[in-house]
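Peer 1: Right, I'll just put the structure down here and ask away after.
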């Protein structure tokens with residue numbers, strides 16, 4: 001009669017006639033026989049190996065020598081330098097502004113002045129426009145607007161003749177007066193008799209404008225009247241003694 005027993009190494013043994021025979025067990029039997037602590041150790045070991053493999057793959061993909069990773073890093077640095085969002089194309093730099101080689105016109109520079117003429121003479125611009133001082137009268141100016149001060153003044157009547165082939169606008173005419181050798185600017189006065197230039201003057205016709213300036217009586221030996229018939233045109237200068 002045989003007797004079965006289980007050994008420590010998972011091998012079943014039989015005794016037949018005083019001898020023991022080892023019979024290997026199936027894998028299922030061996031798994032069921034594995035103690036629980038050893039199973040947990042194997043699970044932990046397998047997880048550690050998996051984590052190590054994943055870390056190795058990530059290192060190989062993102063290492064500096066990898067072509068894609070280096071290109072992405074270069075793109076990121078270029079985007080940060082140019083201020084453009086990553087993945088977008090930075091705008092091309094603007095070409096430098098060319099330096100002008102020809103003459104330029106300074107808008108802050110006043111127009112040139114033509115040679116002075118006597119206060120009772122005619123002054124020509126050179127394009128058919130001729131200006132004259134029709135009269136200079138000493139009056140007692142009346143203060144009308146704010147900042148005006150009544151007192152001794154000069155009333156100047158300017159005539160402009162249009163010798164061109166087209167009508168000329170007189171809306172932009174500017175008239176100024178200065179007195180003394182140092183040409184101190186006289187203050188314009190909004191006297192009721194003041195009538196500035198306005199409107200158009202036809203060819204071969206003339207127009208007049210009346211301007212009033214505050215001028216002390218003791219500085220009228222030398223006055224200068226400045227006339228500009230339009231913006232940018234040469235200034236006409238008339239000098240002489242006021243009445």
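The values are calculated or read from the model by the stated rules, or taken from the named source; none is laboratory data. Quick caveat, the model's predicted, so the values are computed rather than measured. Every residue, glycine as well, gets a Cβ built from its backbone with ideal geometry; the counts of neighbours run over all protein chains shown.
Peer 1: Using the structure shown, decide if residue 171 is without any contact (Cβ under 8 Å) to a residue 40 or more places away in the chain, in the same structural domain as residue 234 (by TED's automatic domain parsing), exposed (fewer than 12 other Cβ atoms within 10 Å of the Cβ) and not in a strand (DSSP E or B).
Peer 2: Values: without any contact (Cβ under 8 Å) to a residue 40 or more places away in the chain: yes; in the same structural domain as residue 234 (by TED's automatic domain parsing): yes; exposed (fewer than 12 other Cβ atoms within 10 Å of the Cβ): yes; not in a strand (DSSP E or B): yes.
Yes.
To keep it simple, each residue is scored yes or no on (1) assigned to a loop (DSSP other than H, G, I, E, B); (2) at pLDDT 95 or above; (3) buried (at least 17 other Cβ atoms within 10 Å of the Cβ).
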| site | (1), (2), (3) |
| --- | --- |
| 203 | yes, yes, no |
| 211 | no, yes, yes |
| 230 | yes, no, no |
| 237 | no, yes, yes |
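Peer 1: Follow-up. Looking only at residues in segment 174-194 that are over 18 Å from residue 111 (Cβ atoms) and under 41 Å from the mean Cα position of the chain (by Cα), which one is surrounded by the most Cβ atoms within 10 Å (Cβ to Cβ)? Give the steps one after another, and end with the answer.
Peer 2: So the first thing to find is which residues in segment 174-194 are over 18 Å from residue 111 (Cβ atoms), and the list is 179-182, 184, 186-194.
Next, from what is left, pick out any that are under 41 Å from the mean Cα position of the chain (by Cα): 184, 186-188.
Details: 184: 13, 186: 24, 187: 14, 188: 19.
So the residue we want is 186.
Peer 1: Across segment 174-197, what is the number of residues that are assigned to a loop (DSSP other than H, G, I, E, B), farther than 16 Å from residue 152 by Cα and touching a strand residue (DSSP E or B) at 6+ places or on another chain (Cβ under 8 Å)?
Peer 2: Here the count works out to 3.
Peer 1: I'd like the residue in segment 116-147 that is without any contact (Cβ under 8 Å) to a residue 60 or more places away in the chain and over 49 Å from the mean Cα position of the chain (by Cα) and, out of all such residues, is surrounded by the most Cβ atoms within 10 Å (Cβ to Cβ).
Peer 2: 135
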